[in-house]
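Beneath this line is the structure, given in structure tokens, with notes to follow.
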Ligand code: ADP
Ligand code: MG
């Protein structure tokens, strides 16, 4: 592996969304220059980077410009075409690498990887052909049919109860490769974020609890009150072994289900910082974005310390509309009058229902106090 990329160099990122924006902020704080490749003229990360290369992700000229600018390159969303990362990898250190990203962007490959590492996941079947559809074991129903690729925030998923539902759902999803998962009886959901460098050093954040609404992350709580030391160790151990066996370099998030019988089951991986780790900016002494910078540049990793309990609330575009559908400005002044509230807005120009516009992290001296303030915030914004 190459030498350490020191501050003063330029770091490149594929993708200009909010994760790229917060990565750019972290890199700039540490004295790096930044280059973002994203086709959108007003992408959140493109707006704050030193260089915005406005091109498609597979455009050769765009990729050439990114390589010319950057001493090392990372990505901020898992649907970056793996082929583009292969091109970049031939000339620059790219973290995470194309192979790891390819696994994380395909639910069938991802589940196979869970299997290789002995990490339990939901009973499932891969459906790529009509024969496979017809042969599905009825014990997997009721289930959720998910497209193998390109799903996010609950998109590309259909709940199915009967074999007839399943056939209709596969047609509805365009008969693309899918994974059918048994619907599990969830007690709650958690995730864990690890960072790993090329030397194989690995560090992790505490396990956080996630609450989803309509398939979109709504609230993250840390420390997760229900997660004892055993579950914590199991989740961290699984994430570390999943990362190591992909020779992963960068920040990796693994989402898990905790079943009513107490079992921990892996759901999916994200090859990048994750929405459930946004609290690390305000509640930890090193954030997931700083660890992404450290991992990709070969700088030392350090174990992050949670210095405050935290609750993170996602701010979706819905908050910019009243009940009658008229646009409004959320009650920022009232919310910011409360103690320990940190507002992060991503600079997106147009609010739309379900669009991630920003998040709030509440920090404080005790979990109960943080819960109270977060509850107040939700009421003021709701
Ligand atoms: P996405 O890529 O959209 O985040 P996920 O596979 O994580 O897709 O599914 C989104 C949410 O749907 C999960 O966080 C969970 O709440 C619910 N869900 C997904 N799969 C299952 C399952 N097999 N059983 C029960 N709930 C599920
Ligand atoms: Mg998910």
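Please list the radius of gyration and Dmax for region 123-182, considering alpha-carbon atoms only, with Å as the unit.
Using the Cα atoms of region 123-182, the pair Rg, Dmax is 10.0, 29 Å.
Could you rank the peptides 30-40, 171-181, 92-102 by their average count of other C-beta atoms within 10 Å per residue, with the highest value first?
92-102, 30-40, 171-181
Once both labels are modelled 7 Å past Cα along the beta-carbon direction, what's the residue 162-residue 321 spacing in nm?
Roughly 3.4 nm, to one decimal.
Based on the alpha carbons, how large is the Rg to Rh ratio for region 27-91 when Rh follows Kirkwood?
0.93
How far is the Cα center of region 223-258 from the Cα center of region 94-144, in Å?
Rounded to whole Å, the Cα centres lie 19 Å apart.
If packing is taken as the average number of other Cβ atoms within 10 Å across a peptide's residues, how do 201-208, 159-166, 140-147, 230-237 rank, most packed first?
201-208, 140-147, 230-237, 159-166
Could you work out the equivalent-ellipsoid semi-axes for region 182-272, taking the square root of 5 times each eigenvalue of the Cα gyration tensor, largest first, in whole Å?
Ellipsoid half-lengths, sorted descending, are 23, 14, 12 Å.
For region 237-305, report the % of Cα-Cα distances exceeding 15 Å.
Considering region 237-305, 60 percent of its Cα-Cα pairs are separated by more than 15 Å.
Provide the three semi-axes, in whole Å and in decreasing order, of the ellipsoid equivalent to region 186-381 as defined by the square roots of 5 times the Cα gyration tensor eigenvalues.
That gives 29, 18, 17 Å for the three semi-axes.
Quick check of the Kirkwood formula: for region 78-195, what is the inverse mean of 1/r over all pairs of different Cα atoms, in Å?
One over the average 1/r among Cα pairs gives 15.7 Å for region 78-195.
Based on C-alpha coordinates, I'd like the Rg and Dmax of region 1-120, in Å.
14.7, 44
For the chain, modelled as a GNM with alpha-carbon contacts under 10 angstrom, which of 344, 113, 91 fluctuates the most?
91
Packing-wise, with mean Cβ within 10 Å as the measure, how do 103-112, 278-287 rank, highest first?
Ranked from most to least packed, the peptides come out as 278-287, 103-112.
When the Kirkwood radius is taken over all Cα pairs of the chain, what Stokes-Einstein diffusion coefficient follows at 37 °C and 0.692 mPa s, in µm²/s?
Rounded to a whole number, D works out at 152 µm²/s.
Computed FRET efficiency, Cβ-Cβ of residue 59 and residue 343, R0 30 Å: what is it to the nearest 0.05?
So, using R0 = 30 Å, E works out to roughly 0.30.
Would you mind calculating the gained length between residue 50 and residue 355 on full extension (0.36 nm times residue separation, minus the Cα-Cα distance), in nm to one decimal?
Contour length minus the Cα-Cα distance gives 107.2 nm.
Here, each number is a calculation from the coordinates, and none is a lab measurement. Remember, predicted model here, so these are calculated numbers, not experimental data. Ideal geometry is used to build each Cβ from the backbone, glycine not excepted, and the neighbour counts take in all protein chains shown.
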